[in-house]
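The values are calculated or read from the model by the stated rules, or taken from the named source; none is laboratory data. Keep in mind that this is a model prediction, so the values were computed, not measured. Counting neighbours? That spans all protein chains shown, and the Cβs are built from the backbone with ideal geometry, glycine included. Please note that ligands, DNA and RNA were not included when accessible areas were found on the heavy atoms of the full protein model with its side chains. Shrake-Rupley method; radii C 1.70, N 1.55, O 1.52, S 1.80 Å.
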Amino acid sequence: MADRDTLPLPLEVRTRLAELELELSEGDITQKGYEKKRSKLIGAFLPQAPGKGMDPSVPHERRTPVTPGSSSRYHRRRSSGSRDERYRSDVHTEAVQAALAKQKERGKMAVPMPSKRRSLVVQSSMDAYTPPDTSSGSEGEGSMQGEGTPTSSQSSINMENWISRAIHGSTTSSTTSSSSTQSGGSGAASRLADVMGQTHLGKSENHSAPPDVTSYTTDSIQVERPQGSTTTSRSTPKYGNAELMETGDGVPVGGRVSAKIQQLVNTLKRPKRPPLREFFVDDFEELLEVQQPDPNQPKAEGAQMLAMRGEQLGVVTNWPLSLEAALQRWGTISPKAPCLTTMDTNGKPLYILTYGKLWTRSIKVAYNILHKLGSKQEPMLRPGDRVALVFPNNDPAAFMVAFYGCLLAEVVPVPIEVPLTRKDAGSQQIGFLLGSCGVTVALTSDACHKGLPKSPTGEIPQFKGWPKLLWFVTESKHLSKPPRDWFPHIKDANNETAYIEYKTCKDGSVLGVTVMRIALLTHCQALTQSCGYTEAETIVNVLDFKKDVGLWHGILTSVMNMMHVISIPYSLMKVNPLSWIQKVCQYKAKVACVKSRDMHWALVAHRDQRDINLSSLRMLVVADGANPWSVSSCDAFLNVFQSKGLKPEVICPCASSPEALTVAIRRPTDDSNQPPGRGVLSMQGLSHGVIRVDSEEKLSVLTLQDVGTVMPGALMCVVKPDVVPQLCKTDEIGELCVGSIATGTSYYGLSGMTKNTFEVFPMNSVGALISEYPFTRTGLLGFVGPGGLCFIAGKMDGLMVVGGRRHNADDIVATALAVEPMKFVYRGRIAVFSISVLHDERIVVVAEQRPDSTEEDSFQWMSRVLQAIDGIHQVGVYCLALVPSNTLPKTPLGGIHLSESKQLFLEGSLHPCNVLMCPHTCVTNLPKPRQKQPEIGPASVMVGNLVSGKRIAQASGRDLGQMEDNDQARKFLFLSEVLQWRAQTTPDHVLYTLLNCRGTIASSLTCVQLHKRAEKIATMLAERGHLQDGDHVALVYPPGIDLIAAFYGCLYAGCVPITVRPPHPQNIATTLPTVKMIVEVSRSACMMTTAVICKLLRSKEASAAVDVRSWPPVLDTDDLPKKKPPLLYKPSNPDTLAYLDFSVSTTGMLAGVKMSHTATSAFCRSIKLQCELYPSREVAICLDPYCGLGFVLWCLCSVYSGHQSILIPPSELEVNPALWLLAVSQYKVRDTFCSYSVMELCTKGLGLQTESLKSRGLDLSRVRTCVVVAEERPRIALTQSFSKLFKDLGLHPRAVSTSFGCRVNLAVCLQGTSGPDPTTVYVDMRALRHDRVRLVERGSPHSLPLMESGKILPGVRIIIANPETKGPLGDSHLGEIWVCSGHNASGYFTVYGDEALQSDHFTSRLSFGDTQTIWARTGYLGFLRRTELTDASGERHDALYVVGALDEAMELRGMRYHPIDIETSVIRTHKSITECAVFTWTNLLVVVVELDGSEQEALDLVPLVTNVVLEEHYLIVGVVVVVDIGVIPINSRGEKQRMHLRDGFLADQLDPIYVAYNM
């Protein structure tokens, strides 16, 4: 880049260039056009040098010396952007740009932009959402040239065409592609949604879907959500209470979802990797793909390396025998010699510590900590104890005194960072280290002590995780003078611990590396020899003096050689980045210790400082020279400062680690002709662990500089990073190991980890040890090149092994940062780590976003980062997240605290403002999709089952014919006759009692009262309604007694009743259309209702929701005629229709079934026998009385069996949640029925009130059955928590059970009074996906608890059949539950005779085996299991387990998934997810979660949801939608209406907080 910028450009050319850049970033010009115009503009100013075709990555050409004039000009241009160049490499930036361009040629990766609710978008720039007609015409050659927006009159195919064009078109920048997906008019988009909708509806061949009886009507009415095409030009239907989301310009965002999903589908259609060889593994273990090594991958071919030996450590005669001896020598011989000069924030010398002062003060500290803490008899500290040193970064003098005081007192200093708050990132782990070291005393300075957080009483609080500490201030004025005769004992260096340096691991834990006194001394000697330190040299130190290179050079080696250290605090560097260079000039320093960051800052701040002269420097130690990306800082620094007297050979990168201390350092040579070592290595090779000098493919290379040779007196070898320390080959990357006295000796208190790190014995290929002395692992990855030069390619801590290939976090950071323009994220504020998902590491990149960047910009940057990393490293990024600026946890020195960031990410508390997940491209180890075996017929399955000893899965309840009981009601064929008989024989027996919300009796009915009311209603129907027998009557009543009277009134009049839930007065718009639909579909000739509802049906709100003129006649039963009917109707044939039962299934279908008189009586008799119901019994019912078993229990059973029903409307529980349980207790009820919503209400509403209920006398000990009436898999978690919660109130856990019914048979199972308790089994979820049932132990991985759905009712037979082949299945198979029973419904009530469905669902026969019996198909999957228990008849008991509805099951990757299983996993993943629903759309899995928390948490959920579904279900989530609480629709039975939700999502009516499209 240096040579490119040598000639200054005129101002107008520069402004024109800036405009061009802007046009390119806005997408108003193509890349090609941009390059053409740019080269035209600056062509005249480019020097036509012969080296024009020079390859930029040839190393020696890049280091061309630059003339003083040009370099300063070059720098004036560069300095405008102050960026942290820790990873700056011009070569790399060019490579990244090339990689991006290459991606562009390959066809753009169209990434759909996530939708975000307005409140979440911090900026007000809504221009990100441009409708296509407003965006500029020159978007891209292939996109919509002059087409204009497609109008809604154009065919919907055109719309699809447009979308796919927008996706595949060669749009230049992601702006265009993402703005086109934000697409305009809702007309076209909704048309697309319609096309999608039709494809959804067209799937009517699904065998067990009940007919959608709605589709005969001309209006496209959908259940419970008006889609009214009845009224013209009405606004788009709202979804629940959601307002329609609008963009800034007021354009409704219709179909944004559908367009985006389409785009996502198209993206996924282009396979990223070769398709899997798919075969059928009929094993339950779904085998995860194991990454097969690529046969062409590079392998190491070199000879085995030899251990490298450093030069002899030459012992100079006057070297001291220990560091304390050195201090004593200088403190007494030359007490006036300066030891340390500290600076204030203005760069003025603050204080000069001389060797004399250091010596006397250290003695004072040593004396005081040994003698003045604790008592004489019990001193607090003894030699060998550990002490914390807590000193701020701007006070090296106090630290130095304290450190040497500890050495003299022979206590062990543990230097740590100053805790600023009680919740510093990583401070807890530091506390753990102090605790494990047994630290009880902390030495600190006065200023620091004052600055620590204090409690109101003035005490320093105990920091989180820290041991209790005594804080001791080391300032001289606070200490007492040692007596004349006291003198520290100065020994030769020995094997005792000198100090402990802390080290933060990859996982955030903090370890203490112990360094012995002999190691400390030897290390100082080795540094003195390799750096050529001499007495009284001046050294400038910018590094942290508490650890690492800063401690070794600036505190320890300096004292050994009586050097003068100028310490530059971090706070001064922030104010004046040039301060260290100024100090080098001012003090004519010979040596400076810096990091590449400091060099970079100096470059940025450098403004023609005339008086800079660096010729005094003989050595510039680059402490992080081991970071591969430091090379560019060194080069750029030399480029600029060579003209200021900086000699090239002065730059000395070094490599160090807490364990091995200094590993290698480049020696300052006088021989400037010997160029330093460079390696330009292929990243592809590095990822396979081999060294390949850059191939022709110049894109992905890593340029390394050497870090010099091995330290004097040390041995070095490179071992494989695996467990066994085996020597690498010469062309292989491995971990550097050092054998030397001058290394750490252990991790304090951790013997196991110590053994693996400090006591390593490397072996050669034949297994022989290369040395009898142990080596220490350095944690650095690299190799030893020619001439014994060491090269470092990365750190073990930053190593991520993805799919068997190794990647370094630093390299990924560098690539991300090379993606220009950099105006979106902060350099240096970027974290890269890997998380383990589905048995492999996945890369996560988190960056801090600048506050001024728009959504669109950030998104564009993110998609380019993905492409760049893919292009250069050939690895996918699993998740890329942007967080608001300054929100990533920081280390004390301002860097990013990686492990804490990772922790926050995994906990879901990072709160990103943008997330892009790419599981589709990254996750390549999913199990192979299952392929069904077509050739196995049902007969061979049956034979196979018999051969393997598995019985055919069938079971039955008790036989009705065999049972002799004194059932008087049996002799009547019709319920109306039973009622008349009871009115005559027991007229005053109370059948029904209705309770109000206060628990008092609102009304009750005796046999005769009910009979008389029913007679009057029959009269009314005949006189006012003019109805014939067989006419249908809709009963629109609230739950209560009127409903029961109206039902029997219809029977008396010979009409067919249909119970309909009345509209909700607060929500007429969504509930009334359902009422209207049922009335129309059931062909009701009239409606009966109460006066209140009558008024409601004719209200203004009602006429806004439906056409009120088309209601049939409405009869108000509140004023009944006085007279009796002349004659009660008696049906002639018991097989005629008794009533119609209408219900909305969970799939959103409205289905009505016909119940004949025979079936109704058989049903009542079956329940009477199962529950042992007699006139003396009382039963409490808290259910909705509109369909299924709820209706039968509410209206029919009492009349048949004569027991008293205590009716509790579930809506009353919203006012008084304890109503149901109090009634059960008060009436001493033994049997009670409720719904899941009632149970949930009690669990949530009464959770904290059990004590107060107990004191009110609530007693549930008499309850023997509490049955949940449901048409789904038992919700085991809810029933168990209900049982646990009310156990204290006497509820027996085994009393709680469930029932199971469906459309074809309203009750198949119901837990009766006799018979064994309901059982629970654990099945393997992976086997279930293959339709197999495998029982496992509780708590085993992938286990799913299933509870039996109650006992099979008398007169019911069940068989499990294969839904496709209709063959019978064995016990171990999951299949459809088929039922044969006297109370089966006799068919769907449809307007058009859909005979095929009718016969399929109600009159199916097995294709093999018993082909005579006629079965009804329930549409539910389940299995039977013969248990060890015996039932009442002494037979072994067969338990039925319901797994889920066939309609709801999702076929993905050839396997069958039940939504509830995925939803359970998702709800568990984060505390803020209250509810979840999943569905599929064009083979994408869509997960909708309700967020209970601030909208800022919405994006945290995206990675968590994706992870958990991958881990537990081996599925990739396509779309994650985060919505408000209450958006997921739930029907009256408490079941989720997933298909409604799906329609609402596709029609864009959910008003989501955030929609993430996973790539």
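Cα convex hull of the range 679-728: how many Å³ per residue?
86 Å³
Quick one: if the Förster radius is 25 Å, what FRET efficiency do residue 311 and residue 759 give, using the C-beta to C-beta distance and rounding to 0.05? Provide the component values of the computation, followed by the final result.
Working: r = 26 Å, r/R0 = 1.02.
After rounding, the FRET efficiency stands at 0.45.
Of 665, 1414, which has the most accessible area and how do the rest follow, probe 1.4 Å? Before the final figure, lay out the partial values.
Values: 665 0, 1414 75 Å².
Correct descending sequence by accessible area is 1414, 665.
Rank these residues by their accessible area, most exposed first, probe 1.4 Å: 1230, 361.
Order by accessible area, largest first: 1230, 361.
Would you please classify the overall shape of the range 997-1053 from the alpha carbon gyration tensor, given that a ≥ b ≥ c denote the square roots of the eigenvalues, rounded means a/c under 1.5, and beyond that prolate means a/b larger than b/c while oblate covers the rest?
prolate
Summing Lys, Arg as +1 and Asp, Glu as -1, what charge do residues with Cβ under 12 Å from the Cβ of residue 1048 carry, residue 1048 excluded?
Neighbour charge sum, excluding residue 1048 itself: +1.
Structure shown: which of 932/1536; 574/644; 755/902; 116/595; 376/450; 376/468 lie over 32 Å apart, alpha-carbon to alpha-carbon?
116/595
Beta carbons within 10 angstrom, averaged per residue: use that to sort the peptides 683-693, 33-43, highest first.
683-693, 33-43
Length gain on complete extension for the stretch residue 1436 to residue 1250, per 0.36 nm per residue less the alpha carbon to alpha carbon distance?
Working it through step by step, the gained length comes to 63.1 nm.
Could you list, bin by bin from short to long, the percent of Cα-Cα pairs of the range 374-445 in 10 Å steps?
Answer for the range 374-445: a P(r) of 19, 48, 28, 4 percent.
How do 324-334, 484-494 rank on mean C-beta neighbours within 10 Å, highest first?
Highest to lowest by the protection proxy: 324-334, 484-494.
Expressed as cubic angstrom per residue, what is the convex hull volume of the alpha carbon set of the range 839-888?
81 Å³
With label points built 7 Å along Cα→Cβ from the Cα atoms of residue 491 and residue 1364, find their separation and express it in nm.
Those two pseudo-labels are separated by 8.0 nm.
Where a ≥ b ≥ c are the square roots of the eigenvalues of the C-alpha gyration tensor, would you call the range 454-556 rounded, which needs a/c under 1.5, or, failing that, prolate if a/b is larger than b/c, or oblate?
Working: a/c = 1.84, a/b = 1.29, b/c = 1.43.
Oblate, because a/c is 1.5 or more while a/b does not exceed b/c.
Suppose each label sits 7 Å from its Cα in the direction of the beta carbon; what would the residue 1483-residue 1400 distance come out to in nanometres?
About 2.3 nm, to one decimal.
So which of 1095/1244; 348/823; 36/102 end up more than 29 Å apart, counting from Cα to Cα?
Details: 1095/1244 35 Å; 348/823 36 Å; 36/102 17 Å.
Table pairs above 29 Å Cα-Cα are 1095/1244; 348/823.
Quick check: with the 1.4 Å probe, what order do 1064, 989, 1011 take by accessible area, largest first?
Highest to lowest solvent-accessible surface, that is 1064, 989, 1011.
Please work out how much accessible surface residue 751 shows to a 1.4 Å probe, ignoring ligands, DNA and RNA, in Å² rounded to 10.
Probe radius 1.4 Å; accessible area of residue 751 about 100 Å².
Roughly what would the spin-label model give for residue 669 and residue 484, points 7 Å off Cα along C-beta, in nm?
According to this spin-label approximation, the distance is 5.9 nm.
Using a 1.4 Å probe on the protein heavy atoms only, what accessible surface does residue 449 show? Give it in Å² to the nearest 10.
50 Å²
Give, in nm to one decimal, the length gained when the segment between residue 951 and residue 1451 is fully stretched (0.36 nm per residue of separation minus the Cα-Cα distance). Walk me through the intermediate numbers first.
Numbers: separation 500, 0.36 × 500 = 180.00 nm, distance 2.77 nm.
Once the chain is fully extended between residue 951 and residue 1451, it gains 177.2 nm.
Between residue 886 and residue 41, what FRET efficiency comes out of the Förster formula 1/(1 + (r/R0)^6) with R0 = 35 Å and r the beta carbon distance, rounded to 0.05?
According to the calculation, E is roughly 0.35.
Given H placed on each backbone N at 1.01 Å, which residues far from residue 1375 in sequence or on other chains put an amide H within less than 5 Å of it?
1422
Quick check for you: which residues of the range 1148-1162 have the amide N under 15 Å from the point 7 Å beyond the Cα of residue 972 toward its beta carbon?
Counting only backbone N, you get 1157-1158, 1160-1162.
For a quick check of understanding: with a 1.4 angstrom probe and all protein chains in place, what accessible area in square angstrom does residue 545 have, to the nearest ten?
So the heavy atoms of residue 545 present about 10 Å² to solvent.
When a/c reaches 1.5 or more, the comparison of a/b and b/c decides; with that in mind, is the range 1081-1147 rounded, prolate or oblate per its Cα gyration tensor?
Here the range 1081-1147 falls in the oblate category.
Full extension from residue 1281 to residue 823: what is 0.36 nm times the residue separation minus their Cα-Cα distance, to one decimal in nm?
Contour length minus Cα-Cα distance gives 159.6 nm.
Once the Cβ-Cβ distance between residue 751 and residue 432 is put in as r, and R0 is 22 Å, what FRET efficiency do you end up with, to the nearest 0.05?
After rounding, the FRET efficiency stands at 0.80.
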